[in-house]
Amino acid sequence: MLLKKIKVMDMRNLTLKSALILASLLLNGFLSNAQKKINFDEGWKFHFGHAANPDKDFNYSTATIFSKSGAAAKTAIDPKFADSTWTSVNVPHDWAVELPFENSPNFDVESHGYKPVGGFYPETSIGWYRKHFSVNKKDANDRFQIQFDGIYRNASIWLNGFYVGTNMSGYVGMAYDVTDYINFDKENVLVVRVDATQYEGWFYEGAGIYRHVWLNQYNNLHIPEGGLYVVPEIKGKEAIVAIETSVENKNLKTSQCTVYSYITDRNGKVLAKTNEQKLSLAVNAQSTVKQKLTINNARLWSLEDPYLYKAFSVVKQDGQIVYQTKTRFGVRNVRFDAKDGFFLNGKHLKIQGTNNHQDHAGIGSAMPDYMQYYRIKQLKRLGSNAYRTSHNAPTPELLEACDSLGMLVLDEQRLLNSSPEYINQFERLILRDRNHPSVFLWSIGNEEGWIQKTEHGKKIAQTLLAKQKELDPSRTSTYAADMGNEFNGVNEVIPVRGFNYRQFAVADYHKDHPNQPLIGTEMGSTVTTRGIYEKDSIRAYVPDQDITAPWWASKAEDWWKLAAENDYWQGGFVWTGFDYRGEPTPYKWPNVNSHFGIMDVCGFPKNIYYYYQSWWTDEDVLHISPHWNWPEKIGKPIDVWVNSNADDVELFLNGKSLGKKVMPRNSHLQWQVNYEPGTLEAIGYKKGKKITSKVETTDQVVNVVMAPDKTTLMADGTDATVINISLTDDKGREVPIADNMVKFYLTGDAKIIGVGNGDPSSHEPDKCKDGAWQRSAFNGKCQIIIQAGKTAGSIKLEAKSNGLNSGSTIINLVKS
């Protein structure tokens, strides 16, 4: 294939750029065998251990595994241990989502969605994983590294009985050099013990190896993880790109090499290349090469056009390429102005952000990569332009989705702490994420009420800020402070003041500290239940309108009016974009989810979605709520809300006008309407353009309707799609109060991996046995997620409910 590519080039007219393209092709060809990143997600064995009984924890607590290197006998760490009866799993894997719900007065269980994980549940809080693999003898001179992108949490790792390391963080990944422990003449056994008895948050966090695992193979002379740093600077129509490349020598002697870098466009066309720079590295030494390149007529990364270039750094030794790494980057600049707000590429932009945890209905925290793109697309349709990774390091694939789709990211450290452990976590976070153009701001922590006003908090913040500037001087930081007009402590030194709620204190704070930019790191927190219009303390539901907020929070209109109308607000992040498992508010059991989301846990919009969409987009928005199925309320008043960005709206019931009203900026309209069945219609005018919307009284449910997000999947065993289910009447209208049980049947090389319905009080399982997948609808909707197999062809998914017309869809699986 490589030769075919070379032959099509006219060697008589070989330009510099063509020559660089040729060099790139040859480079990739030379590296194909020497440098590999091997996905290690498949073929694991899993078994619960026990936090309180060594006999049920494979003797872990009584064995002398730390007395001598390789002393793993009589434990599951022993390579000879028989694991054939263990459960076969692929990762990402979240064992917590598979557990039943349990009503417990314990706060930790309550805040984690009533899943029995933690210190009170020793039998379901330790998980063991084992993986068998082989390595070719011809690779015996290479280095090997095991990379875990995320394990929840306190994970200890062994290879072939040798202890490799422990990663305390449930969110920041870790990579371990395992070269000295690799077997080339027999099987290798990788063992991970995960201890989820302690929590890091007060929300659902999952449990297990819930992100990707990799085996990295490379030369002793190489660029370490995070060793490529790319910083573009806009100069007119050009971009001056500073590239820093760190090279590490793991040879057992001093080594010489050369380093060069080049940049391509998104299609691989080489745009610029540096000269080779010489390096001499002692044993275990690391050195950094700094180089600059110019991109002419640079295409800027923006929310509307998230264009990505690629930067490559190459290490050569004795004229041969021994290592290459690459990263995608965007040309863009950001500016925080204390008076005038936030600017992206010199253009004023109000931050319209959402906070989000990382779980999704049916699958918990172990999400296929596709789900990151699905969720970001849902947020962009809402009109959101920024995402806060509250309150932890995100999965790398989330940032890739934000880079590709055009979404700014506030990237957050888990804890405000400057101990070696947390400094190391912060370093790993920054080194991993600093090339992502979507990352526009770092957060050094969230609501550290014990210390945020103290001198200790101030000193810790200064230490973290110094580390951030050391590793990434191109950005700045904020801290999410649940303080009003207070300055002592962290706020004295934080470059961008973050406000968690306390929105009415922002004006006074700005007056007292006019030179410090400020942003709403958590705003809103209206609690709503999709499709519910009356408070229900028995089922733990709250009305689906912007009327209920906890004492410490605010309604959407309260904070957004302030942010939208004052330039000194950089903008803010709503708590939250999606509902999430755990932290039930304002109710406890039977509620197992939060109610904070603009969308529910499936991504189905609530009514507040249309408030934000009205003022966060230029789309024509006209939305009426509630639904119009109220047989028990004939003749009684119904509170009707209209969310719109039209100039004015007139409401009609069965053709009779109920009056026209002017739409207040950043607000909504309301009517009191005596209910009668039929059609409630709104007609609005936006700059002279007519917009219409209606809700109708429906008939009985007749059909199950399936709406897949996409109908073609890659047959790679990892691609996935969301399929939303609606229950409709004979006229195709969704029945908004339907709660029928729907059963799912799949034929072909794929599998269902989760189901949900957005009901915050549902205790139905997220995972079912194959052949028994089902979920009841909640207010007319439910959702399933399927994952592709590896065989090209088509699969058929059917949705059936007693007495209803079944729905079906065909999904095509294709090879790349």
**strands (runs of 3 or more DSSP E) enclosed by the stretch 208-264 - at least 3 residues per element that are more than 25 Å from L471 (Cα to Cα), open to solvent by 10 Å² or more (accessible area, probe 1.4 Å) and touching a residue at least 60 places away in the same chain (Cβ under 8 Å)** = none
**Request:** For V506, indicate whether it is in contact with a helix residue (DSSP H, G or I) (Cβ under 6 Å, 6 or more places away or on another chain), in a helix (DSSP H, G or I), buried (at least 23 other Cβ atoms within 10 Å of the Cβ) and touching a residue at least 60 places away in the same chain (Cβ under 8 Å).
**Result:** no
**Request:** Find the residue count for the stretch 567-591, including only residues that are under 18 Å from Y509 (Cβ atoms) and either among the acidic types (D, E) or open to solvent by 10 Å² or more (accessible area, probe 1.4 Å) (or both).
**Result:** 2
**Prompt:** In this structure, does S104 turn out to be among the hydroxyl-bearing types (S, T, Y), in contact with a Gly (Cβ under 9 Å, 6 or more places away or on another chain) and open to solvent by less than 40 Å² (accessible area, probe 1.4 Å)?
**Reply:** no
**Message:** Yes or no: the stretch 299-319 includes at least one residue that is exposed (fewer than 14 other Cβ atoms within 10 Å of the Cβ) and farther than 24 Å from S474 by Cα.
**Reply:** yes
**Complete:** A careful count of residues in the stretch 143-163 that are free of Cβ contacts under 8 Å to residues at least 60 places away in the same chain and buried (at least 20 other Cβ atoms within 10 Å of the Cβ) gives 4
**Long-range neighbours under 8 Å by Cβ, at least six apart or interchain, first residue at positive phi within the stretch 68-86, second among the aromatic types (F, W, Y) and surrounded by fewer than 20 Cβ atoms within 10 Å (Cβ to Cβ)** = G70/F162
**Fill in**
Counting only residues that are in a loop (DSSP other than H, G, I, E, B) and not small (G, A, S), the stretch 760-797 contains a total of 13
**Prompt:** Taking L308, is it over 15 Å from the mean Cα position of the chain (by Cα) and under 27 Å from K606 (Cα atoms)?
**Reply:** no
**Asked** Right, V695: open to solvent by 60 Å² or more (accessible area, probe 1.4 Å) and among the aliphatic types (A, V, I, L, M) or not?
**Response** no
**Candidate set from the stretch 172-191 (those that are out of contact with any Lys or Arg (no Cβ under 8 Å at 6 or more places or on another chain) and assigned to a strand (DSSP E or B)); member that is surrounded by the fewest Cβ atoms within 10 Å (Cβ to Cβ)** = Y176
**Boolean, E421 is out of contact with any Phe, Trp or Tyr (no Cβ under 9 Å at 6 or more places or on another chain) and free of Cβ contacts under 8 Å to residues at least 60 places away in the same chain** = no
**Asked** If we keep just the residues of the stretch 192-207 that are charged (D, E, K, R) and not in a strand (DSSP E or B), which is surrounded by the most Cβ atoms within 10 Å (Cβ to Cβ)?
**Response** E205
**Prompt:** Restricting the search to the stretch 512-542, which residues are of a type in the set (S, T, Y), under 30 Å from L441 (Cα atoms) and either touching a helix residue (DSSP H, G or I) at 6+ places or on another chain (Cβ under 8 Å) or open to solvent by 20 Å² or more (accessible area, probe 1.4 Å) (or both)?
**Reply:** T526, T528
**Prompt:** Of all residues in the stretch 153-171, which are at negative phi and outside any strand (DSSP E or B)?
**Reply:** R153, M168, S169, G170, Y171
**Prompt:** Within the stretch 391-401, is even one residue within 25 Å of A564 (Cβ to Cβ), touching a Phe, Trp or Tyr at 6+ places or on another chain (Cβ under 9 Å) and either modelled with pLDDT of 95 or more or of a type outside the set (S, T, N, Q) (or both)?
**Reply:** no
**Prompt:** Taking the stated definitions as given, is W86 open to solvent by less than 30 Å² (accessible area, probe 1.4 Å) and over 27 Å from the mean Cα position of the chain (by Cα)?
**Reply:** yes
**Request:** Please indicate, with yes or no, whether at least one residue in the stretch 544-566 is of a type in the set (A, V, I, L, M, F, W, C), open to solvent by less than 40 Å² (accessible area, probe 1.4 Å) and over 21 Å from Y609 (Cα atoms).
**Result:** no
**Asked** Which of the residues belonging to the stretch 271-305 are hydroxyl-bearing (S, T, Y) and in a loop (DSSP other than H, G, I, E, B)?
**Response** T274, S302
**Asked** Out of S134, S156, S169, S125, which single residue is small (G, A, S) and touching a His at 6+ places or on another chain (Cβ under 9 Å)?
**Response** S125
**Message:** So, Q352, is that one within 11 Å of the chain's Cα centre (by Cα) and either part of a loop (DSSP other than H, G, I, E, B) or crowded, with 23+ Cβ neighbours inside 10 Å (or both) or not?
**Reply:** no
**Selected residue (criterion: nearest to R733 (Cα to Cα)) from residues of the stretch 666-698 that are part of a loop (DSSP other than H, G, I, E, B) and free of Cβ contacts under 8 Å to residues at least 60 places away in the same chain** = G678
**Request:** Determine which member of the set S614, S594 is over 30 Å from V97 (Cβ atoms) and open to solvent by less than 10 Å² (accessible area, probe 1.4 Å).
**Result:** S614
**Prompt:** Would you call A76 open to solvent by less than 20 Å² (accessible area, probe 1.4 Å) and either under 28 Å from the mean Cα position of the chain (by Cα) or within 30 Å of A788 (Cα to Cα) (or both)?
**Reply:** no
**Request:** Keeping to the stretch 109-131, report how many residues are open to solvent by less than 60 Å² (accessible area, probe 1.4 Å) and outside any loop (DSSP other than H, G, I, E, B).
**Result:** 11
**Request:** From A34, A72, A23, grab the single residue that is in a loop (DSSP other than H, G, I, E, B), at pLDDT below 90 and farther than 15 Å from R130 by Cβ.
**Result:** A34
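The values are calculated or read from the model by the stated rules, or taken from the named source; none is laboratory data. Remember, it's a predicted structure, so these values are computed and weren't measured experimentally. A quick note on method: Cβ atoms are made from the backbone with ideal geometry, for glycine too, and the neighbour counts reach across all protein chains shown. Each accessible area value is taken on the protein alone, full model and side chains, heavy atoms only, with ligands, DNA and RNA left out. Shrake-Rupley method; radii C 1.70, N 1.55, O 1.52, S 1.80 Å.
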